[in-house]
Structures are given as C-alpha cells and as structure tokens.
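Heads up, the thing below is written out as structure tokens.
The values are calculated or read from the model by the stated rules, or taken from the named source; none is laboratory data. All values derive from a computational prediction rather than experimental measurement. Here Cβ is always computed from backbone atoms with ideal geometry, including for glycine, and neighbour counts include all displayed protein chains. Just the protein is used for accessible areas: all its heavy atoms, side chains included, with ligands, DNA and RNA removed. Shrake-Rupley method; radii C 1.70, N 1.55, O 1.52, S 1.80 Å.
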Amino acid sequence: MKLFIASDHAAFNEKQSLFEHLKKNHEIVDLGTHSAESTHYPEWAKKLVEKVREEKAFGILLCGSGIGVCMTANRYSGIRAALCRDEDDAKMTRLHNDANVLCLSGRKTPVELLRKITDVFLATPFEGGRHQTRIDQFNSLGE
C-alpha cells in the first residue's frame with residue numbers, strides 16, 4: 001500500500017519512528033519536514049493532502065497535538081482527516097467515515113501507541129452501506 005507521511009517540527013522524531021515502522025510493509029513517501037527546526041504545520045498538511053488526492057492514497061499527518069494538521073487537511077475537498085488518540089478511534093473512523101488521512105499527536109501519544117493506531121487504521125476497511133450515504137451527505141455540504 002502506498003502511503004504519504006508528513007509532520008511539523010513538533011512531531012519530527014515521532015514521524016521518523018513511524019516511517020521506520022511502516023516502511024517494512026508499505027511503500028511510504030516522507031514529504032517532510034526533515035529536521036526538528038521550527039516550521040509551520042499547514043505547509044506540510046497541504047503538501048500531503050495534494051499527494052493523497054492526486055494518487056488516491058492514504059496519508060498520515062503529525063504535529064504536536066494533531067489538531068492543527070487535522071483542521072488544515074479537512075479544509076480540502078475529498079479529504080476525510082481524523083485525529084485518532086487510540087486504536088478504537090482508528091478503527092471507527094475507517095469503518096464509518098472512510099477516513100483517508102490519519103492525524104496523530106507527537107507530543108501526547110507514545111510512539112508505540114502511534115504504531116498501533118496506524119496499524120489498525122491501515123488494516124480496517126470502510127464498511128460502506130449506510131455509512132456511504134452519510135459520506136455522500138458530508139461531501140455535499142460545501143456545494
């Protein structure tokens with residue numbers, strides 16, 4: 001599975017660790033940032049969202065809280081970004097919301113839990129059915 005990953009400086013180390021974990025079983029592209037030097041999370045969210053939409057892939061965004069990248073990503077049509085704090089959040093957002101961007105907190109979530117959340121997110125299929133109706137309604141809100 002092809003994935004894109006990006007973070008700001010606040011989650012740089014966590015992104016690096018998650019990248020190493022995921023590259024074992026996935027084709028993963030690190031879009032940056034590439035150091036812990038201060039940077040702005042909207043830049044990285046935009047870069048990732050453009051790739052996710054272009055290649056119809058999954059994305060993983062991290063920042064200090066996960067909130068900023070999630071808010072930024074959800075500004076774009078076709079993106080359903082979800083901030084996940086545990087494995088159940090990851091499972092439910094895939095099952096019911098067909099999320100295509102996983103947002104994570106580098107400062108609040110231990111690395112081992114980040115790995116578990118990501119693994120669940122990537123392994124869980126969208127349930128469809130009545131949930132597709134809701135996704136269609138959601139997608140029409142900006143029209």
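All conditions but one from (1) open to solvent by 80 Å² or more (accessible area, probe 1.4 Å); (2) free of Cβ contacts under 8 Å to residues at least 40 places away in the same chain; (3) out of contact with any Lys or Arg (no Cβ under 9 Å at 6 or more places or on another chain) apply to Lys47; the one that does not is (2). Put simply, of Arg115, Arg134 the only residue that is more than 24 Å from Lys15 (Cα to Cα), open to solvent by 40 Å² or more (accessible area, probe 1.4 Å) and either outside any loop (DSSP other than H, G, I, E, B) or in contact with a Phe, Trp or Tyr (Cβ under 8 Å, 6 or more places away or on another chain) (or both) is Arg134.
Could you tell me which residue of segment 50-69 is surrounded by the most Cβ atoms within 10 Å (Cβ to Cβ), considering only residues that are touching a strand residue (DSSP E or B) at 6+ places or on another chain (Cβ under 8 Å) and farther than 15 Å from Lys108 by Cα? Even if it seems obvious, please write down each step before you answer.
Filtering segment 50-69 for residues touching a strand residue (DSSP E or B) at 6+ places or on another chain (Cβ under 8 Å) gives 51-52, 55, 57-67, 69.
So of that shortlist, the ones also farther than 15 Å from Lys108 by Cα come out as 51-52, 55, 57-60.
Numbers: Lys51: 17, Val52: 24, Glu55: 13, Ala57: 18, Phe58: 21, Gly59: 28, Ile60: 26.
Out of the qualifying residues, it is Gly59.
There is no residue in segment 22-35 that is loosely packed, with under 15 Cβ neighbours inside 10 Å and closer than 18 Å to Pro110 by Cβ.
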